[in-house]
Amino acid sequence: MFFRKPSPTSSLNYYLPSSSDLFSKTKDKDPNIALTKLNKIKYLLFSCLFIATWLILLRLWLSPTTTTTLTTTTTTTLNNHNKTCVGSYPFYIYNLPPQFNLGLLEHCNNLNIYTNMCPHVANNGLGQPIVTTVTALSSSSWFATHQFIAEMIFHARLENHPCRTWDPSEAHLFYVPFYGGLYASSVFREANLTQRDSLAVDLVDYLQSLPWFNINEGKDHFLALGRTAWDFMRTPSGPDFGANILLNLPPVKNMSVLTVERQPWQGKNQFGIPYPSYFHPRSLTELMMWQKQIGDSTRPYLFSFVGGTRHGLEKAKIRDEILKQCKNSMKCELVQCGNGASKCHDPMAVLEVMSKSRFCLQAPGDSFTRRSTFDSILAGCIPVFFSSHTAYTQYAWYLPDEKNTYSVFIDENDCGEGKKSIEEVLMGISKEDEEKMRVAVINLIHKVTYMHPNASVVEDVSFGDAVDIALERLSRIVEEKISGKDFGSEEV
């Protein structure tokens, strides 16, 4: 926890001689002369003390929190372990009633209808530490992180962030640490819609009771959600697959919402953030060592696919074709996922395959996006997309505008009988272009990685991780929203 430092005082701690000292040291034998000199010295000391005190007060008065224009870089000096806030405006974290975040963790075994989340919410959402088999780096930065836990990691990172202010009057951004994804997954099967929506409605009622929310009608407030936007956008006319109505509530539409998958067509106030992978470095040195190791990795597989089939989902039909082509190719390494034991659930096994692959196939699954995209970037494996909504319309803050500089796109309609195979497309990419793409991918690692929450406490380091980038972009967007400009959408 950070606490604001006390204001500087004007007390002087050095030794001041007493009147008897002065009398004993004076050479004047006439006591009246000595007394006159003593009075002059006292007056001089008092004047110096008075002037010094006013100079200190004047300095404090004229040196408030300062920011530069965000078209370049924002620099803010905050009393946060004497660290400097760079790239973002100061933000304030609401201390929400526990039922909206930490209180949910008391029932961690009921937070997901498919799995016990207790091991995954440990260590501020990083999950359980894992022993690495693909690197000689310290294992203290590797965790079996759950794919839908970004909201907890985001909260933990912001708690120790140098741009945090404890004074809401200093803040330009307001973070609402609602664990909406964990709550949503705990009530997916709740048939009573009023009950399913209750915590989302309670949150909005609570926010509207706060003075800081009402000043700008929530336009300077933001949420971070660890699940896809679809899980918070139930509509009366659409199918009910367990979602609630959080993102359809009008006050929330004024806010900025960070989510691992935005709704590509209606998510104007939604902004994609990376799924968390397994590496949470504590220092820039550790990150650079990993980048070098993965850059030097030998890659015997032309391409690989980590995934399984998705029955009944139109957008996932391409998976059947991918599985077929990978099984029939001598140049593809397949890690097929399914029920029961599978390498898919072993983080190091997944990274080992990807770190030995030149290209990694990223097909839509239950939704357009997948955590595997960020696993492949972490492994230095060039992602191959089959839908623009898997990455291009999602993560504009994090990925280059020039899509072919770091990825390959194969339209799913161009795969199948009588069409060029995936292997043929990838074999047609020159070694020179492939190497350029791999360098670009490795240079993206720091952007899509969530730094260890304690890193900013251990040492004054920031390499522009996923949280830093989100704060910088939010600062710009909030400034535009409040000024009345149209900040646009993330559609590509």
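From S388, S329, S407, which residue is open to solvent by 40 Å² or more (accessible area, probe 1.4 Å), in contact (Cβ under 8 Å) with a residue 24 or more places away in the chain, among the small types (G, A, S) and farther than 30 Å from V131 by Cβ?
Working: S329 fails: open to solvent by 40 Å² or more (accessible area, probe 1.4 Å); S407 fails: open to solvent by 40 Å² or more (accessible area, probe 1.4 Å).
Within the list S388, S329, S407, the selection yields S388.
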Only one residue in S421, S407, S376, S388 is more than 24 Å from the chain's Cα centre (by Cα), at negative phi and small (G, A, S). Which one? S421
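Does the range 199-208 contain at least one residue that is over 27 Å from I482 (Cβ atoms) and open to solvent by less than 30 Å² (accessible area, probe 1.4 Å)? Spell out how you get there, then give the answer.
Applying the first criterion (over 27 Å from I482 (Cβ atoms)) to the range 199-208 yields 199.
Those still in the list that are open to solvent by less than 30 Å² (accessible area, probe 1.4 Å) too: 199.
Yes, because at least one residue in the range 199-208 is over 27 Å from I482 (Cβ atoms) and open to solvent by less than 30 Å² (accessible area, probe 1.4 Å).
Just need a number here: residues in the range 154-176 that are of a type in the set (D, E, K, R) and under 14 Å from P211 (Cα atoms).
Taking the range 154-176 as the starting set, the residues that turn out to be of a type in the set (D, E, K, R) are 157, 159, 164, 167, 170.
Remaining after also requiring under 14 Å from P211 (Cα atoms): 167.
So the count comes out to 1.
Which of the residues that make up the range 415-440 are open to solvent by 60 Å² or more (accessible area, probe 1.4 Å) and in contact (Cβ under 8 Å) with a residue 24 or more places away in the chain? Show your work before the answer.
Taking the range 415-440 as the starting set, the residues that turn out to be open to solvent by 60 Å² or more (accessible area, probe 1.4 Å) are 417-420, 424, 427-428, 431-433, 435-436, 439.
Residues satisfying the conditions are M427, K436, V439.
Which of the residues spanning the range 211-266 are among the β-branched types (V, I, T) and either closer than 23 Å to G484 by Cα or in contact with a Pro (Cβ under 9 Å, 6 or more places away or on another chain) (or both)? If you could, list the steps in order and put the result at the bottom.
Start the filter on the range 211-266 by keeping residues that are among the β-branched types (V, I, T), which leaves 215, 228, 235, 245, 252, 257, 259-260.
Correct list: I215, V252, V257, V260.
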Return yes when M233 is closer than 27 Å to A171 by Cβ, touching a Leu at 6+ places or on another chain (Cβ under 9 Å), open to solvent by less than 70 Å² (accessible area, probe 1.4 Å) and of a type outside the set (F, W, Y) and no when it is not. no
Looking only at the range 252-291, count every residue that is open to solvent by less than 10 Å² (accessible area, probe 1.4 Å) and basic (K, R) and tell me the total. 1
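The values are calculated or read from the model by the stated rules, or taken from the named source; none is laboratory data. Quick caveat: nothing in here was measured; it's all calculated off a predicted structure. Virtual Cβ from ideal backbone geometry, glycine too; neighbours counted across all protein chains shown. SASA here: full protein model, heavy atoms, side chains in, ligands and nucleic acids out. Shrake-Rupley method; radii C 1.70, N 1.55, O 1.52, S 1.80 Å.
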